[in-house]
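Engineer: Dumping the structure here so I can ask a few things about it.
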């Protein structure tokens, strides 16, 4: 089924995403023409997903489309920005129309949800690689950085990190059983907690609303893409501080707790998912204690958890029974 | 030689490209923060190079770095825009430091030449793939489109298309000789005309200065990336016109003429390079006859050649001895 590059873009991507009035020219010319609002800074992020590295071979194409955009929206959220426009660089080994339909649906539904227009990109033949860039805005000078944390600021995380790594582990176990290709492992064949974990890997939720609120509350922010301890260490280093984490404060989802209770994972595996698993796309941020009241409702709901604090010094320290021990967590490093 | 992702970015890419005052945050945070000038539209382009598709295996890394940026700058030129910021998504099978040093030098020299700052991107492990995005500006409402051509407008091309395709053919012949890896085919081993052709493939020149001038002179523009006839057909279709080309007017470089004279290529091969070869990154544009005086000096120097005109109707027509014959030229279609 030979479908040319131009027909492919026309059929699957011209209408993917939202329609916006600030796009004088979108897909179809040498470049897109975009009209940024006056008084705002532009925020540009870029993330690439490679088959076999960022998702298992044979992963559901709808999930790949969702994740390719979600990981970028998460970076936008970590800057406190509002997304507007996306570019998509699609490298495909072959033109598989059912795959493309599912992929563009996964991408498009999330794009529409956040009013993101797909304004350009390119398609080429090669090993399956999805490059996405998103452009967004913040009021001038208000972008949330990694470097603004100060000693005494509290360290907070959104949601329940570790779920996505547990979900990926489930998918990898499934794909290790050759009789059941992973693309066909439907959530309906799993118990509810396991389906939840798998869903958390396949369809992460970028924390855009929280990120926009944090612009005026947080002193520094990063998204948890490479593991909680590693990303906390990066934030602390950028802020010129040490970071102290109290492991007993780390949130653990009901789904992951249930999976441990059912013997699907050991407690040690679960702890490793929470501390070093990537792919959650939660927000990790610091704030002065005075900001607590503004987030109290989020804290009460469990949407935000205080897990530690910045201190003078450097590096990652774990507070166990009141004693700080130095720790290391390189996070996930693609070339480590 | 294990070099982590963050060390890799720090060592090879933090200083690649120009330094600009409109970049409050560049490489190193979740995203870049950029300050667009008021009164301008933003132009966003994206192009990906895949090893074995867009350049031969073992191609010189300095050339790959140059081309990865140049193909995007060419799209910026075709919109009549001025480039400002670039993002780089680098997918590497392994960390090869000498390769990275050469690649970033090729990218960085061209970026500095055009005052382009490298503001972000990502690195990951996988099959060699270079994704680049460039952001630039045009005065609001003045972006050059493919769709503005009108019947009676003249069709013009910059430079001498076909050289790059001839240069690629030379590289492919060289890499077909296993004793001489193509990366080691130095221009110094070739005669001057062949070295020129190879250089035109490896180090194309984005026509940014011409593109910026065309904003107020041309009615429509596109860059010649997929072949002259194919790209002319695309411009004509976007403008709702037919395009008539006079093949005897097509420019042919002294280097390609010399290569034919020396028997390196047949005349038919050379004609195919000129009409359908890609990778030249020249500008193809239309303008009303009244614009000729403003480009007369360029025409006299051979930097711009009038090769045909738009007409009412549709499709590509070749004018031979005063008779228009319908023709087809799909150009290079990655999935055709």
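The values are calculated or read from the model by the stated rules, or taken from the named source; none is laboratory data. Quick caveat: nothing in here was measured; it's all calculated off a predicted structure. Positions of Cβ are generated from backbone atoms using ideal geometry, with glycine treated the same way; all protein chains shown enter the neighbour counts.
Engineer: Report whether or not residue A:76 is under 29 Å from residue A:143 (Cβ atoms), over 20 Å from the mean Cα position of the chain (by Cα) and buried (at least 22 other Cβ atoms within 10 Å of the Cβ).
Structural biologist: Judged against the criteria, residue A:76 is not a match.
Engineer: Does residue B:209 satisfy being out of contact with any strand residue (DSSP E or B) (no Cβ under 6 Å at 6 or more places or on another chain), part of a helix (DSSP H, G or I) and within 22 Å of residue A:26 (Cα to Cα)?
Structural biologist: no
Engineer: Still on this structure: Against the definition (more than 7 Å from chain A (Cβ to nearest Cβ) and buried (at least 21 other Cβ atoms within 10 Å of the Cβ)), how does residue B:83 come out, yes or no?
Structural biologist: yes
Engineer: One residue is enough: does the stretch A:226-242 have a residue meeting the conditions at pLDDT 95 or above and assigned to a loop (DSSP other than H, G, I, E, B)?
Structural biologist: yes
Engineer: Further, regarding this structure: Just to be sure before I move on: is residue B:59 away from chain A (no Cβ under 11 Å), outside any helix (DSSP H, G or I), surrounded by 21 or more Cβ atoms within 10 Å (Cβ to Cβ) and out of contact with any strand residue (DSSP E or B) (no Cβ under 6 Å at 6 or more places or on another chain) in the structure I sent?
Structural biologist: Taking the combined requirement at face value, the residue satisfies it.
Engineer: Enumerate the strands (runs of 3 or more DSSP E) found wholly within the stretch B:101-167, keeping only those where 2 or more residues are within 14 Å of chain A (Cβ to nearest Cβ).
Structural biologist: By residue number, B:117-125, B:129-139.
Engineer: Which of the numbered conditions does residue B:94 fail, given that it passes all the others? Conditions: (1) under 29 Å from residue A:53 (Cβ atoms); (2) surrounded by 23 or more Cβ atoms within 10 Å (Cβ to Cβ); (3) within 11 Å of chain A (Cβ to nearest Cβ); (4) more than 19 Å from the chain's Cα centre (by Cα).
Structural biologist: For residue B:94, the exception is condition (2).
Engineer: Same structure again: State all residues of the stretch A:125-135 that are touching a residue at least 60 places away in the same chain (Cβ under 8 Å) and either surrounded by fewer than 24 Cβ atoms within 10 Å (Cβ to Cβ) or not assigned by TED's automatic domain parsing to the domain that holds residue A:9 (or both); if no residue qualifies, say none.
Structural biologist: Correct list: A:127, A:128.
Engineer: If a residue has to be part of a loop (DSSP other than H, G, I, E, B), in contact with a helix residue (DSSP H, G or I) (Cβ under 7 Å, 6 or more places away or on another chain) and either modelled with pLDDT of 90 or more or at the interface with chain A (Cβ under 7 Å from one of its Cβ atoms) (or both) to count, how many in the stretch B:4-56 make the cut?
Structural biologist: Selection size over the stretch B:4-56: 3.
Engineer: Another question about this same structure. If you scan the stretch B:253-287, which residues turn out to be at pLDDT below 95, out of contact with any helix residue (DSSP H, G or I) (no Cβ under 6 Å at 6 or more places or on another chain) and crowded, with 24+ Cβ neighbours inside 10 Å?
Structural biologist: Across the stretch B:253-287, there are no qualifying residues.
Engineer: At the interface with another protein chain (Cβ under 10 Å from one of its Cβ atoms), touching a helix residue (DSSP H, G or I) at 6+ places or on another chain (Cβ under 7 Å) and outside any loop (DSSP other than H, G, I, E, B), is that true of residue A:68?
Structural biologist: No.
Engineer: Can you tell me how many residues within the stretch A:243-276 are in contact with a strand residue (DSSP E or B) (Cβ under 9 Å, 6 or more places away or on another chain) and part of a loop (DSSP other than H, G, I, E, B)?
Structural biologist: Qualifying residue count, the stretch A:243-276: 3.
Engineer: Quick check on this structure: which one of B:220, B:176 is modelled with pLDDT of 95 or more and either surrounded by fewer than 15 Cβ atoms within 10 Å (Cβ to Cβ) or in the same structural domain as residue B:298 (by TED's automatic domain parsing) (or both)?
Structural biologist: The match here is B:220.
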